[in-house]
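Reading through the structure tokens given below for one structure.
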Amino acid sequence: MTEVRAEMVANVWKVVAAQGDAVADGDTLVILESMKMEIPVLAEDSGTVTRLAVAEGDVVQEGDLIAVIE
């Protein structure tokens, strides 16, 4: 199990992956927006997204859970 967490305070601009999706290492899960920059959040392992903890428009803080991959 891999927990993907936010590395900074940002807005969730776009959710790319859905719960149940198969993802490969390096696939984009969500795109964050901070200071007019788009920051992709990437899968750190291959597997299935078993939990997606954010929605478009959410604000995440550093360390907040974004997704769980198993």
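What's the whole-number percent of alpha carbon pairs in the chain lying beyond 14 angstrom?
It works out to 50 percent of all Cα pairs.
Multiply the residue separation of GLU38 and VAL16 by 0.36 nm, subtract the distance between their alpha-carbon atoms, and state the gained length in nm to one decimal.
Result for the pair: 6.6 nm of gain on full extension.
Over the chain, calculate the relative contact order: mean separation of alpha carbon pairs under 8 Å at least 6 apart, over the residue count, as a percent.
45
Read the figures in this text as sums done on the coordinates, not as results from a lab. Predicted model, so just to flag it, every value in this text is computed and none were measured.
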